[in-house]
1. Looking at region 169-209 only, could you name the residues that are in contact (Cβ under 8 Å) with a residue 40 or more places away in the chain and assigned to a helix (DSSP H, G or I)?
2. Got a number for residues in region 114-133 being outside any loop (DSSP other than H, G, I, E, B) and over 22 Å from Val146 (Cα atoms)?
3. Does Leu25 satisfy the criteria of being farther than 30 Å from Ser5 by Cα, modelled with pLDDT under 90 and surrounded by 13 or more Cβ atoms within 10 Å (Cβ to Cβ)?
4. Asn147: of a type in the set (S, T, N, Q), closer than 19 Å to Pro108 by Cα and at pLDDT 95 or above, yes or no?
5. Taking Gln176 and the conditions (1) farther than 21 Å from Val211 by Cα; (2) in contact with a helix residue (DSSP H, G or I) (Cβ under 9 Å, 6 or more places away or on another chain); (3) modelled with pLDDT of 95 or more, which numbered condition does it fall short on, given that it satisfies the others?
Amino acid sequence: MDNQSGVFARIKAKANRRKASLFLLLILGIALLIIALSLGSLATGLGGSVILAIALALYVVSERIERKAEHYLKIAQDFERGAEAEEEVEAILSGLSSDQYFVLHDIPCDYGNIDHIVISCEGAVFAIETKSSSGTVDVVDEKLLVNGLSPERDYIKQARTNAMWLKDSLGRILGQKPYVTAVILFPNAYVNVRRPVRDVIVSSRPYLLRVLRMLPRSTYQRENLWSSRTQIQELLCSGKSSPAA
């Protein structure tokens, strides 16, 4: 059965929220310890200056722990936004005719996952990476900028790497490697990119279907690809398509 969009991202979000919760519990424990020390200072015989020094040391530790918690919480929120964007794209792709397009979602690969894979009956193959960023996307010196800043991750490298992995995986299924078009999709941003960047198509939501109507560079694998789609689905969704699997 086809995987659902956003599952990988939501698993990552949940894991990071769990880490953030553990750090917040540590902060709560430190706060309770400071209160206990303050209330019990007379009973323990510790002077006020000693209690104050311990409390300050615990406060410094708690500040560092709080920053860790905020870090993991931000990562969780980023993954949650990513999952929502992937689900939006899945809704768009669900409108494609099953007689003309074969679509898979959230496919595990050696480098994480591929958000969406689309195979057309004409023999075109697309590996789509969905990004949840809003604002404006530009390209300068073959590098993507989101709102004028470089993303923390190299989106172009990620898309190219995943497309190459898919090409190799399909080659093991089909006997020959088809060309795979790498696509980065920003469903919630204005994309001011008018040409492929290092062979990667950068698109916004309104232009996605136009991209998917592109004819393949070669049609020699067309019939083989289309007739093998059930086998492709079983192998890719199982996570056993890597060489080491």
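1. Result: Ser169, Leu170, Arg172, Ile173, Leu174, Arg205, Leu208, Leu209.
2. Step one: list which residues in region 114-133 are outside any loop (DSSP other than H, G, I, E, B), which gives 114-120, 125-130.
Okay, now just the ones that are also over 22 Å from Val146 (Cα atoms), so 117-120, 125-126.
Final tally of qualifying residues: 6.
3. Values: farther than 30 Å from Ser5 by Cα: yes; modelled with pLDDT under 90: yes; surrounded by 13 or more Cβ atoms within 10 Å (Cβ to Cβ): no.
Here the answer is no, as Leu25 does not meet what is asked.
4. Numbers: of a type in the set (S, T, N, Q): yes; closer than 19 Å to Pro108 by Cα: no; at pLDDT 95 or above: yes.
No, not satisfied.
5. Gln176 satisfies every listed condition except (3).
The values are calculated or read from the model by the stated rules, or taken from the named source; none is laboratory data. Note that this is a predicted model, so its numbers are computed, not measured. Positions of Cβ are backbone-derived with ideal geometry, glycine not excepted, and every protein chain shown enters the neighbour counts.
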